[in-house]
1. Find all pairs meeting these conditions: Cβ atoms under 6 angstrom apart; at least six residues apart or on different chains; first residue within segment 127-147 and under 22 Å from Tyr108 (Cα atoms) and at pLDDT 90 or above; second residue open to solvent by 30 Å² or more (accessible area, probe 1.4 Å) and assigned to a helix (DSSP H, G or I).
2. Among Leu343, Leu320, which is assigned to a strand (DSSP E or B) and either surrounded by fewer than 22 Cβ atoms within 10 Å (Cβ to Cβ) or over 21 Å from the mean Cα position of the chain (by Cα) (or both)?
3. Within segment 693-708, can you find the residues that are in contact with a Gly (Cβ under 9 Å, 6 or more places away or on another chain) and in a helix (DSSP H, G or I)?
4. Taking the conditions exactly as written (under 19 Å from Gly289 (Cα atoms), assigned to a helix (DSSP H, G or I) and among the small types (Gly, Ala, Ser)), does Ala547 satisfy them or not?
5. Mind checking which helices (runs of 4 or more DSSP H) fall wholly inside segment 121-233 and carry at least 1 residues that are more than 30 Å from Glu255 (Cβ to Cβ), open to solvent by less than 30 Å² (accessible area, probe 1.4 Å) and of a type in the set (Gly, Ala, Ser)?
6. Only one of these is part of a loop (DSSP other than H, G, I, E, B) and open to solvent by less than 10 Å² (accessible area, probe 1.4 Å): Leu690, Leu620, Leu671, Leu615. Name it.
7. How many residues does segment 777-819 hold that are small (Gly, Ala, Ser), out of contact with any strand residue (DSSP E or B) (no Cβ under 8 Å at 6 or more places or on another chain) and either open to solvent by less than 10 Å² (accessible area, probe 1.4 Å) or over 21 Å from Arg469 (Cα atoms) (or both)?
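The values are calculated or read from the model by the stated rules, or taken from the named source; none is laboratory data. Bear in mind the structure is a predicted one, so any value in this text is a computation, not a measurement. Positions of Cβ are backbone-derived with ideal geometry, glycine not excepted, and every protein chain shown enters the neighbour counts. What goes into the accessible areas is simple: the full protein's heavy atoms, side chains included, and nothing from ligands, DNA or RNA. Shrake-Rupley method; radii C 1.70, N 1.55, O 1.52, S 1.80 Å.
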Amino acid sequence: MPRPPSVSADLRLLDPLWHEPVSREILPTGLTLILKPDRAAALASVQVWVKTGSLHEGERLGAGLSHYLEHMLFKGTERRAGREISATVQAHGGYINAYTTFDHTVYYIDLPSEHAGVALDVLADAVLHSTLPADETTKEKEVILREIAMTHDDPDGRLWEALFATAFREHPFRHPIIGHRDVFAAVSREALVAYYRARYVPENLVVVIVGDVDPAAMRAEVERQFGRTPRRGLAPVLVPAEPLQLAPREDRRREDVEITRGILAWPIPGLTHPDSAILGLVAMALGHGDSSVLWREIREKSRLVHSIDASSWNPGSTGLFCVAFTCDAPKRAAAEAAIMAALARCAARGFTPAQVRKAVRQLVVGEINTRKTMSGQASRLGVAEVVIGDLGYSRSYFERLRGVGPADLRRVLRAHLVPERRTAVSLEPAGPAAAAPSAVRVAAGAGLPDFSETRLANGARLLVQTDRRLPNLHLRLCFQAGPLYEEAGRRGATALLATLLTKDTRRRTADQVAQRIEEVGGSFYPVSGNNSVAVAAEVLPPDAGRALEAIAEAVLEPAFAAATFAIERDAQLAGLRQDADDVVTFARKRVRRDFFGSHPLALDAHGDEAGVQALAPSDLAALHRRLCVAGNVVLAVAGDIPRDLLPKLKAFLGRLPRAEAPAQASWKQPLPARAGDLVEKQPREQAVVLQAFPGPRVLAEDFYDGEVADELFSGMASRLFERVREEKGLAYFVRSSRISGLDAGMFCFLAGTQPGKEGEVLAEIDAEIARVQSDGVEAAELLRCQTRLKAARRQGLQTNGARASQAGIDALLGRPANDGKAYDARIDAVSQASLAEFARRYFRPALRTQLVVRP
């Protein structure tokens, strides 16, 4: 068996990345400009990084001022009304958004590169010249209070807030980025304006531009847009150091949840510490992937948890090393004890050279993956400049790994993950522990060839697209599956099948499968949907043979081992229970069930607890024999394809059983199954409202009208968002969504609002539907939606995995592999009249299932 590449060979794969042209310049105003040209596609990401976050709020720590400002900067400037900002971006095919962290705030626009100047104009205007209108500050405060309530309704959010509040006693990390509800509620507009004027100054800004742009022209445009604001001076902010933790800490919370979530954490030094890179390796070896130490020992062997992972987070001068897990309530203490025992064994015996090589490879692959998109590249540069303070940090980080061996990992684990500095938090079911369960043109992208399509004699299809921009290769084997191919009473079978295909084979155990792909930094995972499932492998090109081997053995030689089946079935059941803990997910699943009734699409690909519980390994084996046949299989391959791989791919596909795709279940039930107005009461802080209507099938002629309608009702530029959130402050989120099956579909409106405001939100949704039905969509509004959809399509297909997925699904549905090339034309063919007809056809009160979930 060939040996995996050495650490040095892996690190050499990154050498071309360190030599890519990146310029950094401090302009006369103090603003930092970072430029990286990339001609791979006609796209650009324009980002403004503000070196301020929740750590920098001084005497108002815990007020969430940075996050509040992030919300307010798009509400209006000296030149633009708030709605004009999002409308301008959408009209040029762009996507605008922002986010706040502990130490920085980022505003970004991803769009076709020919409009990068528009992005700079909009971002400079918003970041430097926002007016923070008084009426908007009041309305947005209500929106953020809803967002805080959403966080409190999210068990994972509550768990991580509990961890940071427990692990940090002096450092501002102890406060949530969004702020404490009562502290935030007391913030005045004057305080917000003062914070804005103090922190949003040129010398505190970093502009990052990556894409198909001319650097000289972009520099001139940045000077023109940002150069009118002079230096103002920037007062330093003292961030107190966290005292050394001397004893273990705990926070055990019992709440109305279905499944236990837990985290064990240890304080670790910041990024500049010599041990920082090695701590990243320790996290990889302990808890990244199905062959990691904790996954094998705690999940697979001991069966104490449903999921477990490890992470090393240290963005500044301090951080946390975390082991997070989910489990059944009675197993929490045993799981924590087993984790501590596993860490003690690793500290005593260390790690093997193979584990170190695998961890380094995983970090190398992760570094490559961050650079797949323009936005990802820009974010990587922003982090290097703002968080770390050195554009060359990534290179030096990996150089520090060149000589690292097992002894280094053992030393670092023993030095930092010590029992007396452990913090343990958990969120567990209340009461007794539950029993364990048995015209702006968007140009076509540059450069990439079409997928070539080969149909083998047995009916299997092979799709191939070569892209040598990055040393990355993606293989995805797709087959038609999903609820329409499952037996009633056994829903969730195809999702569980996809998972089991990535586990045991007749040649290897699940642990050996994971180890073989992960030791070279690869990934091998299942994908489940309403109409298809897939198994996908992604590797570096030298490891193409391992990727093909993993897929071939999964499809041709699955074992469906009883022990692994039991583990994965329990994990799928735990995931279903976990969904019930999130009020939005609960509401979406409930309205779906009411709308579809006994139709298979009433449940998503993961089924329901009763159906999954009823499954046996023999059910999956029978489903595999029925679905994994040549006429039902498409293998899509994209990336840096080795020249000797194609014959091997064809040889593998030629071994599939010759048979046609199985017929899906026919279903004639009228929809909706349950029309009318429904109310569900849940112990939550917020309310969720939903309206579900019939929608187009995935192959329906009016599917693209549905695409445009979904964009029309969603996003910051939508009239619905503008009215419900911006003008009235009724909801934190309001949007539409769709389920498109092979024989039926659903179009749904949903919003999160304050209890008592449900009727007002529903009335606004009804009014917006009526506007569209009565030909109220304006030409400019339609054009913005079309432009945005086409640009989003371009942005969404930047990675090899995304393109392979799209081509594979198109081929499965009977469309050409390159059918996506017609997407723009189909979107452009949607008219104001066809949108009105679409709304009149589907959005009729008699066909509506309305659900209100309230406290």
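1. Taking only residues 6 or more apart or on different chains, the pairs are Thr137/Arg189.
2. Details: Leu343 fails: assigned to a strand (DSSP E or B).
One residue alone meets the criteria, Leu320.
3. Across segment 693-708, the qualifying residues are Phe703, Gly706.
4. Numbers: under 19 Å from Gly289 (Cα atoms): yes; assigned to a helix (DSSP H, G or I): yes; among the small types (Gly, Ala, Ser): yes.
Yes; evaluated as a whole, the condition is true for this residue.
5. On the way: elements: 134-153, 155-167, 181-185, 189-199, 215-226.
Fully inside segment 121-233 and qualifying: 189-199.
6. On the way: Leu690 fails: part of a loop (DSSP other than H, G, I, E, B); Leu620 fails: part of a loop (DSSP other than H, G, I, E, B); Leu671 fails: open to solvent by less than 10 Å² (accessible area, probe 1.4 Å).
Checking each option against the conditions leaves just Leu615.
7. Our first condition is that a residue be small (Gly, Ala, Ser); within segment 777-819, this holds for 779-780, 791-792, 796, 801-802, 804-805, 807-808, 811, 814, 817.
Retained after the next criterion (residues that are out of contact with any strand residue (DSSP E or B) (no Cβ under 8 Å at 6 or more places or on another chain)): 779-780, 796, 802, 814.
Next, only the ones that are either open to solvent by less than 10 Å² (accessible area, probe 1.4 Å) or over 21 Å from Arg469 (Cα atoms) (or both) stay: 779-780, 814.
The qualifying residues number 3.
Let's see how each residue does on (1) surrounded by fewer than 20 Cβ atoms within 10 Å (Cβ to Cβ); (2) within 26 Å of Asn472 (Cα to Cα):
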position: Ser45; (1), (2): no, yes
position: His56; (1), (2): no, no
position: Leu61; (1), (2): yes, no
position: Gly64; (1), (2): no, no
position: Ile85; (1), (2): no, no
position: Val106; (1), (2): no, no
position: Leu111; (1), (2): no, yes
